[in-house]
Amino acid sequence: MLGVARRLAVEAARVIEAITTFGSLGKRPLPLLLPLSLTLTGLVSLTQNLYSWAAALVFSLVMLPYARPRLRELAYLTLYLAVFAAVIELPVLITGQSRVAGLSQLYRPAPPSSWNIDGFLFFVARITLAPLPIVTLVYATGWPRVASTLYRIKHLRRVAGMLTLSLLLIPRSLRNLFSIVAAREARTFEEGYMREWKLLATAVGDFIADSTGYSKRLEMAIKARTFTEYPFEVRE
Amino acid sequence: MKPLLELRRVFFRYGKRSPYILSGVNLKIIRGKVYCIVGENGSGKTTLLHIMAGLLEPEKGEVLLDGKPLKEQLPRARRLIGILFQNPETMLFNPTVYDEIAYAPRQLFDEGETRKRVLESARLLGIEDLLERPTTSLSYGEKKVVALASIISYDPEIILLDEPLSNLHPERKRRVLNMIRSLAAKGKAVVITSPDLELLDNICDVTLTLSEGRLKEGG
């Protein structure tokens, strides 16, 4: 149990950290590619038009060579999305009663069948494909370049700042949790699932204390260089 | 000369039942001087700097900026005070080094002036080559210098540096020391903490020792 949890957390941290470094695609085409990728993501999420699906796929495939050093992380991310979508859609597969194909289709029942395989696959494909254009673009160029571009737009600076903070904090927190667990593990000599459960459960307290301390220090650092009431506020 | 920042009988402790970290600290900070505060680990140096920056509030006593209570002038007064944290890891929260240094100037100036200030600060500290790098990819020493550049870029009047020379290689250390000297020459007040006076290489105009919650003159 602990091994699987650790593996998942480390992979999740790696996937996010891969975004926070630079990709091989430069900053220059971003003002064009960023809105395009967001439009494609929106189209796949909200319509059933296969052309938009194909366009999203083509866009993502074009971005792939630029994301080459991080293809493994990108594959993991896509796999996570597919697995989570499949888990959520599992009841539909079994009951075959409804098909949640997207926001526009939310309340439209599909023709009943004993196994709603097409509905299941449709949902999983949609959930996996919808974020791919923006995700591959971010992997191809790196979040810092995307955020830097967004920082130049006054009204997006706050959002970009908050997203950047999350991307810095999530991997740090995940790694930190398991370094706390490892420190306990080294001095615990019991065996079995009970030991693993105890290790994880007792590490949570330390984790919360450490994260609280870190967030307080970070808050101070932001406050120290913020001259207005709200961080990321922009001079008018 | 009228002090820029003044602490009057400042008491501070973390929690009602904890012992006082600072008990009756008095300090006057004057323009153009370098103040060095030495003391053992845990003596309260960092807490003192956080109080001077208005990040912590004293339990008793007053902190005055230009003769008026600092608390009443926040957050705008923060542009007059720059603080370098002991651990630079917690100071960096922007995507690239450029954005990190530009964070404060962007609140005060237009993009052209911001760029000018970022480049000037980077040049002073010899980190022009780092500007496009993500902050997550920097070494500890690089983070420390970037954090310092992010302060000098908005030209504060009081600069509080919490152990600025620790974990820096000699070349970076030399640049930081030169920068401190030039800041003082320009009339800025600089306060530096260090566990050891020897590290500070004779740049101190006033040396103070923090021990048992009290500040005494001399190293």
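Summary of values
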quantity: Filter result for residue B:156 (within 11 Å of chain A (Cβ to nearest Cβ) and over 22 Å from residue A:150 (Cα atoms)); calculated: yes
quantity: Hey, residue B:195 more than 30 Å from residue B:109 (Cα to Cα) and in contact (Cβ under 8 Å) with a residue 40 or more places away in the chain or not; calculated: yes
quantity: Single match in B:95, B:69, B:58, B:75 (criterion: more than 22 Å from residue B:144 (Cβ to Cβ) and touching a Ser or Thr at 6+ places or on another chain (Cβ under 9 Å)); calculated: B:75
quantity: Yes/no for residue A:181 being assigned to a helix (DSSP H, G or I) and in the same structural domain as residue A:64 (by TED's automatic domain parsing); calculated: no
quantity: Given (1) more than 14 Å from chain B (Cβ to nearest Cβ); (2) part of a helix (DSSP H, G or I); (3) more than 15 Å from the chain's Cα centre (by Cα), index of the condition residue A:156 fails; calculated: (1)
quantity: Only listed residue being within 14 Å of chain B (Cβ to nearest Cβ), among the polar types (S, T, N, Q), touching a residue at least 24 places away in the same chain (Cβ under 8 Å) and out of contact with any Ser or Thr (no Cβ under 6 Å at 6 or more places or on another chain), chosen from A:212, A:141, A:164; calculated: A:141
quantity: Boolean, residue B:197 is touching a strand residue (DSSP E or B) at 6+ places or on another chain (Cβ under 7 Å) and not polar (S, T, N, Q); calculated: yes
quantity: Filter pass, residue A:192 being of a type outside the set (A, V, I, L, M, F, W, C) and modelled with pLDDT under 80; calculated: yes
quantity: Meets criteria (basic (Lys, Arg), within 20 Å of residue B:81 (Cβ to Cβ) and part of a helix (DSSP H, G or I)) for residue B:144; calculated: yes
quantity: Cβ pairs under 6 Å, 6+ apart, first in segment B:110-136 and within 13 Å of chain A (Cβ to nearest Cβ), second among the basic types (Lys, Arg); calculated: B:114/B:106
quantity: Any pair with Cβ under 8 angstrom, 6 or more apart, that starts in segment A:220-232 at a residue that is on the phi > 0 side of the Ramachandran plot and assigned by TED's automatic domain parsing to the domain that holds residue A:151 and ends at one that is at pLDDT 60 or above and surrounded by fewer than 17 Cβ atoms within 10 Å (Cβ to Cβ); calculated: A:232/A:158; A:232/A:162
quantity: Filter result for residue A:87 (β-branched (Val, Ile, Thr), in a helix (DSSP H, G or I) and surrounded by 14 or more Cβ atoms within 10 Å (Cβ to Cβ)); calculated: no
quantity: Long-range neighbours under 8 Å by Cβ, at least six apart or interchain, first residue within 11 Å of chain A (Cβ to nearest Cβ) within segment B:37-66, second of a type in the set (Ser, Thr, Tyr); calculated: B:46/B:193; B:49/B:193; B:56/B:47
quantity: Hey, residue A:125 out of contact with any strand residue (DSSP E or B) (no Cβ under 8 Å at 6 or more places or on another chain), modelled with pLDDT of 90 or more and among the small types (Gly, Ala, Ser) or not; calculated: no
quantity: Residues that are within 13 Å of chain A (Cβ to nearest Cβ) and either among the β-branched types (Val, Ile, Thr) or touching a strand residue (DSSP E or B) at 6+ places or on another chain (Cβ under 6 Å) (or both), drawn from segment B:137-153; calculated: B:146, B:147, B:148, B:151, B:152
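Yes or no, residue by residue, for (1) within 22 Å of residue A:156 (Cα to Cα); (2) outside the structural domain of residue A:148 (by TED's automatic domain parsing); (3) surrounded by fewer than 17 Cβ atoms within 10 Å (Cβ to Cβ):
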position	(1), (2), (3)
A:15	no, no, no
A:28	yes, yes, yes
A:32	yes, yes, yes
A:37	yes, yes, no
A:41	yes, yes, no
A:50	no, yes, yes
A:53	no, yes, no
A:56	no, yes, no
A:59	no, yes, no
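The values are calculated or read from the model by the stated rules, or taken from the named source; none is laboratory data. None of these values were measured; they are calculated from a predicted model. Glycine also receives a Cβ, built like all others from the backbone with ideal geometry; neighbour counts cover every protein chain displayed.
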